[in-house]
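> Below you will find the structure I want to go over with you.
The values are calculated or read from the model by the stated rules, or taken from the named source; none is laboratory data. Predicted model, so just to flag it, every value in this text is computed and none were measured. Using ideal geometry, Cβ is built from the backbone for each residue, glycine included, and neighbour counts are taken over all protein chains shown.
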Amino acid sequence: MAGEWPYAVMDGYRPAQVGQAVARALAEAMERRQLSANALAVASGVNRQVISNVLAGTTWPDLLTVASLEAALGEMLWPRHVDWPLDGDGVRQQPLPPQARQDGA
């Protein structure tokens with residue numbers, strides 16, 4: 001893994017890439033709405049520490065957590081990973097995040 005979570009460029013392990021994509025989408029949605037983890041916890045019913053752990057990459061959210069966060073934010077967090085482009089070996093890879101491109105990663 002090169003770079004900082006959740007914008008790091010990761011290896012081809014799809015479950016980790018999906019977890020990273022969810023954390024990145026969560027962080028960006030919270031920033032757009034100017035929501036703190038505390039405010040999102042109240043709105044979603046998800047424990048604040050769980051939200052913080054997902055954002056930090058120390059845990060991957062379960063489906064109920066993702067669904068609760070999506071409902072509170074009014075947008076999808078789960079990536080369309082089946083549509084990610086194929087690499088040279090025919091393995092689907094998440095597209096390079098815009099922030100990583102700007103940082104030269």
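> Please work out which one of (1) within 12 Å of the chain's Cα centre (by Cα); (2) surrounded by 18 or more Cβ atoms within 10 Å (Cβ to Cβ) is the condition residue 5 fails and give its number.
Result: residue 5 passes all but (2).
> If you don't mind, another one. Can you pull out the residues in segment 71-84 that are assigned to a loop (DSSP other than H, G, I, E, B), modelled with pLDDT under 95 and surrounded by fewer than 10 Cβ atoms within 10 Å (Cβ to Cβ)?
80
> Given the options 24, 32, name the one that is under 19 Å from residue 79 (Cβ atoms), surrounded by fewer than 19 Cβ atoms within 10 Å (Cβ to Cβ), out of contact with any helix residue (DSSP H, G or I) (no Cβ under 6 Å at 6 or more places or on another chain) and among the basic types (Lys, Arg).
32
> Go through 63, 77, 73 for me and flag whichever is over 23 Å from residue 4 (Cα atoms) and in contact (Cβ under 8 Å) with a residue 40 or more places away in the chain.
Of the residues listed, the single one that is over 23 Å from residue 4 (Cα atoms) and in contact (Cβ under 8 Å) with a residue 40 or more places away in the chain is 73.
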